[in-house]
Structure formats: structure tokens, C-alpha cells
Amino acid sequence: TPRIFSGIQPSGGLTLGNYLGAITKFVDWQDRGTHETLFCMVDLHAITVPQTPDALRHNTRELCAGFLASGIDPERSILINQSQVPEHAQLGWIFNCVARMGWMGRMTQWKDKSGKNAEAASLGLFAYPALMAADILLYKSTHVPVGEDQKQHIELTRDIAAKFNHDYGVDFFPLTEPVIEGTATRIMSLKDGTKKMSKSDPVEASRINLTDDADTIAKKFRKAKTDPDPLPGAVEDLEGRPDVRNLVNIYAALEGRSVDAVLTEKAGGQLGHFKQDLADLAVSKLGPVSMEMARLMRDPAEIDRILTRGSERAREISVPVLREVYDIVGMVR
Ligand code: AQP
């Protein structure tokens, strides 16, 4: 069976962006049943920027709780903790030797995250996309559902697969396709409609966390940046209004309707009212997920068991694949 793989970093708490852009899509893929589905807490990626050990442990478990609470079934999908499957790092090294410095230097996430002081960034942050290629190709995954921001990294994954296949004269790794679909491929900051909503944004009010309570959600939407004009009747009229557009997108994604359908219903409405409706909708959708996450987090040992079991299942696939890669490369075993 063809495989779907995707990962999320335990580099903070889950945001509405991760939920709408990634997790809900993962659940759809699982429920469709057309592919074997693997989802990974990518803790090795998280430490490319500083993480305190206690926070990393907490965030890894909470991320797993988020997957489970959103509908990922650890029987039907394989839930992996990246560091528990050593083949990720091992194939990552091989890919460090396949990928070129120039390719990595062109990655926009590297440029954004290393900022003005690239000299002080970790070597891991620079190599991150090669490890990500290893995450995906270790399972010979054909499709990777991601948000818009990850498109460039999936293209790099194809380049690495193609170069490996070419250099060693094999047809071993598939050329993976990104799957970026729906209205929620890029949820923006509530404080700046041109910037991605992100778990590591220092401005707390810029994002909705899955663990936020109803009052916090309502307050964050109320204070979200907008302009004074009422809602327009058509998508084209949202041009030049990125903040409003973002709120309408979120509303549409939460309701599972198109932006057009939402605007047809809400045209002419005041943003104050719309923000209130949006908060009510978000609370009704996220409340049960957040409650279930809190319940699961009361038994961290059970979460650890689920991750250990998932990682063991993953290794049934990853160990033979890595062995083949070592043979292709010429490692003596
Ligand atoms: N704002 C977003 N809108 C839609 N999708 C998003 N994703 C992240 N933010 C949005 C998708 O969530 C998945 C996991 O992302 P990640 O944790 O690996 O890293 P990221 O993309 O860098 O996400 P963050 O929240 O911005 O984390 P930090 O702040 O640590 O960098 C991916 O599929 C991503 O596309």
C-alpha cells in the first residue's frame, strides 16, 4: 500500500494553524483508508533551536495527545516519536552527504529562522530539510500532506531522492508529492495577516492554541487586527485586506465550507459581530479537542506506551529500508 507521512515539531503548543493546516487533513487521510498513514512527533527537528528538556518532553506528549484527541487512531495510523526510530537520524546523515550546501542555503525557512545572524544558527537548523527528506523517504512515502510553508522542503525532498537515485544508478526512492489542499493551507497571525500563525511567535495574542480556554479564544479573536469596513460579498473584494481574509478563511475551514459560501451568508456584516460568531464557532470545534487533550495528559505513561508501540511498528518498515540504503551506498555490514 502507498504511504502518507507527515510530522509536527514539539517546539511549542499546537496552534489553530497546525490543527487546520495539518492535523485535520491527517485525520481525513487516515479515514479515507487509501494509504498507510504515519504521523511523527519530530523532536529531532525541534532541537534545531533551543528547547528546555522539560518543555520538550511535555510538548512531545501534548502533541501526541493532540493527534489522539483530534481523531488519529493509534491502531489505524502509526504514531511515531522521531528519536525513538534511530533510522531517521541515520538516513538523515546519508542525505547530508547527498544534499548540496547551495540547495540548503536557498530554503526560505532557513533564511527566516537564521535571521540576521546565520553564523550563530545551529548546523542542525541548516541541515533540517535533509533530515525531513529522511523522515519521508525512510518509509518511501509517496504523498505528504502539509501546509503551504512546507512546499519548498518537499520539493527539496524530491531533489534529494532524484540525486540519490541518479548517483547510485538505482530506482529506489519515490519522488514524493506534496498534498496542499483546502482553505486552510496558510493560517495567518491574528496580529499581522501577512505573517504565518506560528507556535514560536513571541506574541501570544498572534495565535490560538489548542489548549486555550473559551474566554481566551474569544478575547484573542476580539482583539485580532482588522479594518473598520464591513464584510464584502465576494472573495475578490478581500484583496488588500489580509487580516479580514484570514478570519474568513478560518471561519470557512472550521465550518468545512468554502470562503464564498461564508461571504454570501455574512456579506455586509460588521466585523465585531463576525468575530463573536467566529469565537463561538472556534470554541464549539476546539473545546472538545482541548478537553480530550487535557484528559489524555493526566496519564502520560499511556501516551508514552502509544508512542513506543508506534515507533516499534515504524521500525518494521524503517530497518529493512535503511539496510538496503547501506547496501546501495557500500557500507559493510
Ligand atoms: N499557520 C499555518 N497554517 C497552515 N498550516 C500550518 N502549519 C504550521 N503552521 C501553519 C503546518 O503544520 C505542520 C507542522 O508544522 P511544524 O510544527 O513542523 O513547523 P512549522 O511549519 O514551522 O510550524 P510552526 O507552528 O510555525 O512552528 P515553529 O514556530 O516552531 O516554526 C506542517 O505541515 C505545517 O505546514
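The values are calculated or read from the model by the stated rules, or taken from the named source; none is laboratory data. Worth saying up front: this structure is predicted, and the values here are computed from it rather than measured. Neighbour counts run over all protein chains shown; Cβ positions are idealised from the backbone, glycine included.
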Check your understanding: List the pairs whose first member sits in segment 206-227 and is among the charged types (D, E, K, R), whose second member is assigned to a helix (DSSP H, G or I) and surrounded by 18 or more Cβ atoms within 10 Å (Cβ to Cβ), and whose Cβ atoms are under 6 Å apart, counting only residues at least 6 apart or on separate chains?
Key -> ARG222/LYS275; LYS225/ASP243
Practice item. For segment 157-175, enumerate the residues that are within 16 Å of the ligand (Cβ to nearest atom) and either small (Gly, Ala, Ser) or outside the structural domain of TRP103 (by TED's automatic domain parsing) (or both). Key: none
Check your understanding: Which of (1) within 16 Å of the ligand (Cβ to nearest atom); (2) more than 30 Å from THR1 (Cβ to Cβ) is the odd one out, the single condition MET132 does not satisfy?
Key -> (2)
**Study point:** Complete set of residues in segment 136-156 that are in a loop (DSSP other than H, G, I, E, B) and away from the ligand (no atom under 14 Å from the Cβ)
**Key:** LEU138, TYR139, LYS140, THR142
Point to revise | Filtered residues of segment 165-182 (kept if modelled with pLDDT under 95 and part of a loop (DSSP other than H, G, I, E, B)) | key: ILE180, GLU181, GLY182
Point to revise | Within segment 1-58, tally of residues that are more than 9 Å from the ligand (Cβ to nearest atom) and of a type in the set (Val, Ile, Thr) | key: 9
Check your understanding: Within segment 51-88, how many residues are in contact with a Ser or Thr (Cβ under 8 Å, 6 or more places away or on another chain) and loosely packed, with under 15 Cβ neighbours inside 10 Å?
Key -> 1
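Here's the yes/no breakdown for (1) under 19 Å from ASP192 (Cβ atoms); (2) under 21 Å from the mean Cα position of the chain (by Cα); (3) not in a helix (DSSP H, G or I):
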site: GLU236; (1), (2), (3): no, no, no
site: VAL244; (1), (2), (3): yes, no, no
site: ASN249; (1), (2), (3): yes, yes, no
site: ALA252; (1), (2), (3): no, yes, no
site: HIS273; (1), (2), (3): no, no, no
site: MET293; (1), (2), (3): no, yes, no
Review point. Hey, does segment 103-111 have a residue that's under 25 Å from ARG241 (Cβ atoms) and surrounded by fewer than 15 Cβ atoms within 10 Å (Cβ to Cβ)?
Key: yes
Check your understanding: For segment 186-213, how many residues meet the condition of being surrounded by fewer than 15 Cβ atoms within 10 Å (Cβ to Cβ) and within 8 Å of the ligand (Cβ to nearest atom)?
Key -> 1
